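See below for the structure under consideration.
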2 protein chains.
Amino acid sequence: MRFSSLVEASCEAVSIRYNNKVYELQRQGHDVTVLSLGEAFFDLPLFSFDLLPLEKIYHYSHSRGILELRAALAHTYAEKYQVPVDPVSEMLVTAGSKAAIHMAFMTILDRGDEVLIPEPAWVSYPEQVKLCGARPIGVPYWIDTFHLEEFVTPRTRAIVINTPHNPTGRIYSAAELEYLLELARRRDLWILSDEAYSEFTADDSFVSLGRFDPHKKHSILFNSISKNHGISGWRIGYVIAAPEVINRVLKINQHLITCPPTILCHYVARYYDRILAITRPQIRAVVEKRRRVLQHLDALGITYLPGTATFYIFASIAPSALGSEAFCTRLLEERLVSVVPGIGYGASCDGFIRIGVGTTSMEKLCRGLDAIKELIEETAALNRAQAA
Amino acid sequence: MRFSSLVEASCEAVSIRYNNKVYELQRQGHDVTVLSLGEAFFDLPLFSFDLLPLEKIYHYSHSRGILELRAALAHTYAEKYQVPVDPVSEMLVTAGSKAAIHMAFMTILDRGDEVLIPEPAWVSYPEQVKLCGARPIGVPYWIDTFHLEEFVTPRTRAIVINTPHNPTGRIYSAAELEYLLELARRRDLWILSDEAYSEFTADDSFVSLGRFDPHKKHSILFNSISKNHGISGWRIGYVIAAPEVINRVLKINQHLITCPPTILCHYVARYYDRILAITRPQIRAVVEKRRRVLQHLDALGITYLPGTATFYIFASIAPSALGSEAFCTRLLEERLVSVVPGIGYGASCDGFIRIGVGTTSMEKLCRGLDAIKELIEETAALNRAQAA
């Protein structure tokens, strides 16, 4: 049987593949130190579903998402991030920000178009671009934002950034964002800004791209209730853009998704402030934990790309002789520690691994880091032995 | 700004567009007789969420859907429809069967491929095919299944059927399904069978395509928890296919959706039998109501395409001089009755409207049908007057 050439050319999400390996090991009764998940665990009570409107919760709802939820999210963007958002025309809520990003790519890309993706690049951006028949152009991690123009060609349609950044934890500065918008205006590009980790900062240093483009002429913003509210598995994300973009995403959403899960949207809309009040201090605690993990890495002599936010660290495995995938497979199989191979984040990133600190106790985390250090040394020694 | 040519070429889902008009009218306080919804309303209690595993419900889950739910669904397919399904390798649960169908199209279609879609065709099939860069070939409603081969070309990759059928309520016979599979083997095609309304029958006359293709060599099946369990807004659907198909859908699902909403999957898995026990008699009542609506249409002299299942009727508006879209707009604006224009279901269907009987009382329904009859007569008279 013949299958789609686009699908054959796309790669499995390496983070999900490793996490499925973890699920299998756990089902077999193994105690895995899980540093590979794309989420943070919170202590979050379950509020009453009985207070939600029973006549509505089972049914389809507006294909932009229920207005109450859009209004709450728009209010947050306006108040907290100084981005004016009209919840009626400039926002669409759907089944996760992943789906929102893909539909935005579908909206703006034609076959053969190019999208610049600074590496390390979140694993699904390049695959989504490829599934649209367009070309993801990975920009090596050592190229800074102010040099991205060197990669712009007549076929470039968009640049995707992630701020705060998964997996480095880096927050794009106001100067970088203003430069990107200036470049977008000059070269007629879209800047897609994935802001799913906007709450995961140690201070209020996060700046939304939308702040510098209030009319959203060149920017498309994504955010997620999943990450910021500690409910990754509920699959509720949203896109903020100009009405002409949103209307096209809406058309796609109607054919692919219909609407996000109605009952969960009503739940989040009703308990929005209470959920945030519970998760915010826990988010700060996770970011603080991340800071302490960096100290532990410093003590071990493991380096990492700079960043202060999120619950991820992109750590170097140098001087290991292993590629990141072989490294992670051995780490998981021999030492029951799961991290994500850097190669999943771009060709320039094979010397790195992603460590997630959101789901594991500090004690277990430190033992996991020690195991990483040991494997680096063991495989570096092997390297020297082989070279000799 | 330039947008994707595929998205520019795709059409808004006409059913959703009309339903959004209904929502707007209702918000303005109008009492609309709603015969346009793609769902049936049930009297369904909300079971306790507190009994679900709190340590799991907030988080990502397996990107095929949780195994407990897959096992329950596979069991139903085996027991009730005589289709053996391995829940581990032959099934994937995602955010609605709509998303599942789109990802299956992505899996099998290359640019320029053709997909045969018998009309009336559910509104999203052709648009999904177009969004994959392939060509939907609508087959006029008067062509029967045994003559579909006339439309097969070297570019044809698949035929999509919907059984029980939205909007006619027709159930494909065993002979038709066996013929389609024979055609598929002979011409190297996939048969996609959307079985989302499998429970919506007056008797046990539904036959799954999978029954005649136990190894799923040419068939891909879709079903939905939404429709059969009365929870359309929860967006949980699934695909059954050979492992080599499922593995490719999985890869796409990982990049577009990640997983269906975990908390709702646990809810449905836990209360599966109880939900079905409550909805099944109500489903039978809806199908019986549909039968009585047909009697009312007979009495009014309104004809319709043959069918015994679902909660839809595809009724003729002949001899109205109006196209179906103009007809539906006037019906909604002048008489506050919403139905869906037939043109949304294919070029051959402009003389029809879709009537949904799943959400309105019999009394209101009959008044709605009377309004339809009046508008047909009024616009037929206009026709004669203009012709004179």
**OP:** Sort the following peptides by mean Cβ neighbour count (other Cβ atoms within 10 Å, averaged over residues), highest first: B:179-186, A:98-105, B:238-245.
**Re:** A:98-105, B:238-245, B:179-186
Subject >> Among B:325, B:199, B:374, residue whose mean-square fluctuation peaks in a GNM of chain B (springs only between Cα atoms under 10 Å) >> reply: B:374
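Among B:209, B:322, B:44, what is the fewest-to-most ranking by other Cβ atoms within 10 Å?
Going from sparsest to densest Cβ surroundings: B:44, B:322, B:209.
What does the average come to when, for each residue of peptide A:31-40, you count the partner chain Cβ atoms lying within 10 Å of its Cβ?
Counting Cβ atoms of other protein chains within 10 Å of each residue's Cβ and averaging gives 1.
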Original post:
What is the mean number of Cβ atoms from other protein chains located within 10 Å of the Cβ atom of each residue in peptide A:119-128, rounded to a whole number?
Top reply: 2
Subject >> Tilt relative to chain B, helix B:67-81 - C-alpha long axis, 0 to 90 degrees, to 10 >> reply: 60
**OP:** Using Cα pairs closer than 8 Å and at least 6 residues apart in sequence, work out the relative contact order for region B:54-271, in percent.
**Re:** 29
**OP:** Assign one of three labels to region B:1-116, namely rounded, prolate or oblate, based on the Cα gyration tensor with a ≥ b ≥ c the square roots of its eigenvalues; rounded applies when a/c is under 1.5, prolate when it is not and a/b is larger than b/c, and oblate otherwise.
**Re:** oblate
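Provide the net charge surrounding residue A:203, with neighbours chosen by a C-beta distance below 15 Å and charges set as Lys +1, Arg +1, Asp -1, Glu -1.
Value of the local net charge: +3.
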Original post:
Across region B:54-271, how many lysine pairs separated by 8 or more positions, or lying on different chains, have Cα atoms within less than 29 Å?
Top reply: 21
**OP:** Taking the Cβ of each residue in A:36, B:89 as the centre, tally the other Cβ atoms inside 10 Å and list the residues starting with the fewest.
**Re:** B:89, A:36
Original post:
Rounded to the nearest 0.05, what FRET efficiency do residue B:329 and residue A:329 have when you use their Cβ-Cβ distance and R0 = 60 Å?
Top reply: 0.50
Original post:
Local charge sum around residue B:143 (other residues, Cβ-Cβ under 9 Å, Lys/Arg +1, Asp/Glu -1)?
Top reply: -3
Original post:
In whole Hz, what ³J(HN,Hα) sequence does region A:20-29 give by Karplus (6.51, -1.76, 1.60; θ = phi - 60°), x for Gly and Pro?
Top reply: 5, 4, 4, 4, 5, 4, 5, 4, 7, x
Original post:
Efficiency by 1/(1 + (r/R0)^6): what FRET value for residue A:43 and residue B:273, r their Cβ-Cβ distance, R0 = 30 Å, to the nearest 0.05?
Top reply: 0.40
Original post:
Label points 7 Å out from Cα along the Cβ direction at residue A:80 and residue A:292: separation in nm?
Top reply: 2.4
Subject >> Point-to-point label distance, residue B:173-residue A:280, nm (Cα→Cβ direction, 7 Å offset) >> reply: 6.7
Original post:
Label residue B:111 and residue B:217 with points 7 Å out from Cα along Cα→Cβ: what is the distance between them in nm?
Top reply: 3.3
**OP:** Note the full-extension length gain between residue B:51 and residue B:186 as 0.36 nm times their separation in residues minus their Cα-Cα distance, in nm to one decimal.
**Re:** 43.5 nm
Original post:
Once the Cβ-Cβ distance between residue A:378 and residue A:142 is put in as r, and R0 is 25 Å, what FRET efficiency do you end up with, to the nearest 0.05?
Top reply: 0.35
Subject >> Amide H partners (placed H, <5 Å) of residue B:217, local residues excluded >> reply: none
Original post:
Taking every DSSP beta bridge that has both residues in chain A, what percent is antiparallel when rounded to the nearest 5?
Top reply: 45
Original post:
Arranged by the count of other C-beta atoms within 10 angstrom, fewest first, what order do B:266, B:255 take?
Top reply: B:266, B:255
Original post:
Picking from A:165, A:229, A:147, which is most flexible by a Gaussian network model of chain A using Cα springs under 10 Å?
Top reply: A:147
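So what's the convex hull volume per residue for the Cα atoms of the protein assembly as shown, in Å³?
165
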Original post:
What percent antiparallel are the DSSP beta bridges of region B:54-271, to the nearest 5?
Top reply: 30
Original post:
Under the definition of partner shielding as Cβ atoms of other protein chains within 10 Å of a residue Cβ, what is the mean value for peptide B:245-255?
Top reply: 6
**OP:** Using Cα pairs closer than 8 Å and at least 6 residues apart in sequence, work out the relative contact order for chain A, in percent.
**Re:** 24
Subject >> Estimated 222 nm signal from helices in chain A, with DSSP H stretches of n ≥ 4 weighted -39500 (n - 2.57), rounded to 500 >> reply: -14000 deg cm²/dmol
**OP:** Name the residue, out of B:106, B:362, B:91, whose mean-square fluctuation peaks in a Gaussian network model built on chain B with Cα pairs under 10 Å.
**Re:** B:362
**OP:** Express the relative contact order of region B:244-388 as a whole percentage, based on alpha carbon pairs under 8 Å and six or more residues apart in sequence.
**Re:** 22
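Read-outs: derived from the displayed coordinates by stated rules, not from any lab. Predicted model, so just to flag it, every value in this text is computed and none were measured. Glycine gets a Cβ as well: all are built from the backbone with ideal geometry, and neighbour counts include every protein chain shown.
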